[in-house]
Amino acid sequence: MNQAQPDNDQSNILVVDDTPANLRLLVNMLTDKGYKVRAVPNGKLALSAVSLSLPDLILLDIMMPEMNGYEVCENLKANDLTRDIPVIFISAINEVLDKVKAFGVGGIDYISKPFQLEEVLARVETHLALRELQKSLQSKNNELVNTLEQLQAAQSQLIESEKMAALGQLIAGISHELNTPLGAINSSVSNIANFWNNHLEELPLFFQKLSPERQADFLILLQKSRQQNITFSTREQRKIRKALTSKLESYSIDKSATIANLLLGIGVYQDLETFLPLLKDPESEKILKTAYQLATVQTSTKNIATASERATKIVFALKTYAHYDHTIEKRETKIIEGIETVLTLYQNQLRHGVEVIKNYDYSLPAIFCYPDELNQVWTNLIHNALQAMDNKGNLTIEVTRQDANIRVSITDSGKGISPEIQPKIFQPFFTTKPPGEGSGLGLDIVKKIIDKHQGQIEVESVPGKTTFTVYLSID
């Protein structure tokens, strides 16, 4: 099969059916919904169409002459370029063994003829959405893997430099920071997929059985779920659940504890009087369970967006830090952005016992500097501060203006630097760390970088408070 690229402008669906009436019906229905649709009447033409342009999804009839749907699907799944295209079988044969075979050759769903247009649309939309989530997750995984590979390659080449030594100490924490959003994305995608796989077939009948009043209640529940933006602690949830249960019992609602748990999950914990007709309905538990399941899908979608944003921020910080600009020209840069990049990389160390207090003057102008080298300054100073506190205490970072300078101060609540040592700390190879734990070049490099910028660095230290202050000219 020739190599092909998918058309990303809109969802591209290939419909394969040897019955012209079915083909026309499906094409018209999907085209009306804005999909780009191609139609072919047999299996061989289907494979040719796929080789010309990869579809996002295939609707495939089983009983066709020359090459049946099973054979078409097997061909697609045997090819690396097409194996991930979702295939939904549509067939008049409705035996269990036929359905099992359809899933066995790689189909993701099965629709029996005669089909309902609403059912076809619902399944198409669901599997296209899942496919987009899978593509997004794979893309994010690839980007993170590539970034980590680049980082490891850079570390092996520059391991002797102070910058890569510091970065080497951060890798474990960064990997943890990357795995956390990836785990959230995987879990949320799994929750969404499980919901549609286990409950999709039940939804049409569920909605048909609802009275107009209960349909209105159901929509209000979903609206409440979408508006839920508050995240409660476990203790707060217990308190709200207890209050809900007590309130429901006062209204003589059966299974009050179960109902309270469902309402809390949906985001309904006030104005219960509005829902009294629903709560007293014999089918209330089933209605609430379905609303809760859909609310879980909404929550999972939000979790994916939040986790993707977090992973993107980490990758950006990682790329910014790992990149080294070999040009000799200064670049216009905002100092606060460089400090925030370093803090992002140290997030894993900071979250376990360190309170970061920031005092930033965001109105400060960008200055011409060597940003990669200044990032090394912030890295060394923050790293030393965390070590001085044994990763527990207060880290205060201030970025303000003083006369014609930007003033950056980094203060820790550690044990301090003794007065007799302070004059030596910027000397090369001077270190108070045990052998093998420090080269003694960290603060020497910091001093040289600040001197290169025609700036100044000062230190003040007493037990419980050590402050390094850097002055950089704005002009």
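Key figures for this structure:
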| quantity | calculated |
| --- | --- |
| Average Cα contact separation per residue, region 333-475, under 8 Å, 6 or more apart, as relative contact order % | 25 |
| Ile13 long-range amide H proximity, modeled H, under 5 Å | Lys36, Val37, Arg38, Asp56 |
| Listed peptides 247-253, 95-101 by packing density, highest first (mean Cβ within 10 Å) | 247-253, 95-101 |
| Under 5 Å, built H, 5+ apart or other chain: amide partners of Gly393 | Val354, Glu355 |
| Surface/4 estimate of mean projected area, convex hull on alpha-carbon atoms of region 1-108, nm² | 6.4 |
| Listed pairs Lys36/Lys77; Lys358/Lys415; Lys36/Lys224; Lys242/Lys286 exceeding 32 Å between Cα atoms | Lys36/Lys224 |
| Gyration tensor verdict on region 345-475 (Cα atoms; rounded if a/c is under 1.5, prolate if a/b is larger than b/c, oblate otherwise) | oblate |
| Charged-residue dipole, Cβ positions (Lys, Arg, Asp, Glu), region 338-438 about Cα centre, Debye nearest 20 | 180 |
| Prolate/oblate/rounded label for region 50-161 (Cα gyration tensor, a/c 1.5) | prolate |
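Every number in this text was worked out from the coordinates using simple rules, so none of it is lab data. If you're wondering where the values come from, they're calculated on a predicted model, not measured in any experiment. Backbone-built Cβ (ideal geometry, glycine too); neighbour counts: all protein chains shown.
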